[in-house]
Structures are given as C-alpha cells and as structure tokens.
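The values are calculated or read from the model by the stated rules, or taken from the named source; none is laboratory data. Just so it is clear, the structure is predicted and the values come from calculations on it, not from any experiment. With ideal geometry, Cβ positions are generated from the backbone for all residues, glycine too; neighbour counts draw on all protein chains shown. For the accessible areas, the whole protein counts, side chains as well, though only heavy atoms, and no ligand, DNA or RNA atoms are used. Shrake-Rupley method; radii C 1.70, N 1.55, O 1.52, S 1.80 Å.
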Amino acid sequence: MENGQIQQRSKPEASLNGSVIGYDPGGNKKRGLAVLELVSGRTSSFTTKTLASVGHVLAELDRVDDMLALGVDTLAARHSGESGWRPADLWLRETYEPVAKSVVSPNGLYGSMGLNGMHAMIHARDNHPNLPITETHPKVLFFALTDTKYDYENNHADMDAAIAGWLGVPATTRNDHEWDALISAYAALQGLRGTWPHDLLDGSMEGDDRLRFPCGRVNYWWPE
C-alpha cells in the first residue's frame, strides 16, 4: 500500500492463482455473487449464485481463503460535493451520454446498493486488509465495452456470450444480478492484471481531495 492506496498486482500475471469475487447487492433474495477461479492468471472456471441476504453473502466470502480481488456495484467512496456527486460519476455521465441516466447522484440512491455493498467491502477488508477492491457500474460498463445498452431481459443470451468471450470460458447466468456480479468480477480481474489502469477514483480526477473511503482506499478500474 502506498499513500493509502492499494496497489495493483505486484506479481506476474502467470503467478495469479486464486479467486476473484464479484458482488451485486440487488436487495433481498436478489444478491448476485460470482467467484472466478484463476490458474496462472487465466479464468479456469466460475460459479454464480443468487443469495437471500447480506449475511449469506458474508458467509460465502468467509469460505474464500484465496481471495485475490473483489469488485462490487456500490458507492465505494463518498464525496462532499453538491448532491454527493463525485468526479467519477460526472465523468461517466459525460463520456457515455446514451446511458447517462444510469448514473444517479449518490444523494438520490437508496437501498441495498449503497448499504449492503459497503457492508461486504468492509467485511472483506477486515479479513484481507490489503485486498484490492474496485467499485463497478455494470450497466454503464456493458455499454462502454459493447456500445450497446444493457437489456438483460431481452438480450441475456448475447450478454452471456459477450462475457464468455471476455472471460474465455462458457458462461450462463440465471438472472441480471448474477450477470452483474460476473462483470463486476471481470472488472476486478482486469484491474488486478493491470489491463485496465484507468482508475476513476485516482488523484488525477478533479476533487479527489474531497473523497472519503469508508473501508480504506479502493479503486474504480475502467477500460481505456
């Protein structure tokens, strides 16, 4: 850790062996969890689950003793600006205008995403103090990677095919919460590899001095 920031991977990719986790805090009985298994830096397999409560999620996290990184669809950092807007949020809205409405001001959010997402991150850091963690935004990220709007209900087969291609293994998800968890794990994997060095929370983003990190310094890894 340097200047309070968890560093990206310090080992060669071929030495990355373990689990990368993705979590979508979708509410009661709608919590998606994905576990990618890495062998020599590559995804060998993965599992996805839909869980009932954050307690079940924490229990699953406790079973993973080789955790390499965690990606969560939540507000990993807080900002003191108007309506809680963070530079990262404003950048996403400006950069991806067709899906700008998917990026809501922090003060306008409610429910499990903001509360239980942070709960899982704090719990993971309690057990793994130096664990790399990245915030994710599955809907905007899907658009950034495909130039296609997120529509799991009508396009889930193509969305599964897309993430199978990115991971290099066959992929079938049962609902949008599992898919969101899976792409969150993928974002964590890309940051861990150093493939996505762009960090929306880093010091180059205007207003970083007003950011606060409740569970310690985290990342917001994003494709170039």
Pick from Leu38, Leu75: which is on the phi < 0 side of the Ramachandran plot and modelled with pLDDT of 95 or more? Leu38
In this structure, is Ala171 more than 18 Å from Ser102 (Cβ to Cβ) and of a type in the set (Gly, Ala, Ser)? yes
Within the set of pairs 6+ apart or on separate chains, which have a first residue in region 200-224 that is within 18 Å of Leu92 (Cα to Cα) and small (Gly, Ala, Ser), a second that is at pLDDT 85 or above and surrounded by 13 or more Cβ atoms within 10 Å (Cβ to Cβ), and C-beta atoms under 6 Å apart? Gly207/Pro87
Residue, most open to solvent (accessible area, probe 1.4 Å), within region 48-84, restricted to residues that are without any contact (Cβ under 8 Å) to a residue 24 or more places away in the chain and touching a Lys or Arg at 6+ places or on another chain (Cβ under 9 Å): Leu51
Just for region 88-105: of the residues that are in a loop (DSSP other than H, G, I, E, B) and either aromatic (Phe, Trp, Tyr) or touching a residue at least 24 places away in the same chain (Cβ under 8 Å) (or both), which one is surrounded by the fewest Cβ atoms within 10 Å (Cβ to Cβ)? Tyr96
Suppose we filter Asp158, Asp180, Asp176, Asp151 for residues that are under 28 Å from Ala52 (Cα atoms), among the acidic types (Asp, Glu), touching a helix residue (DSSP H, G or I) at 6+ places or on another chain (Cβ under 7 Å) and surrounded by fewer than 22 Cβ atoms within 10 Å (Cβ to Cβ); which single one remains? Asp176
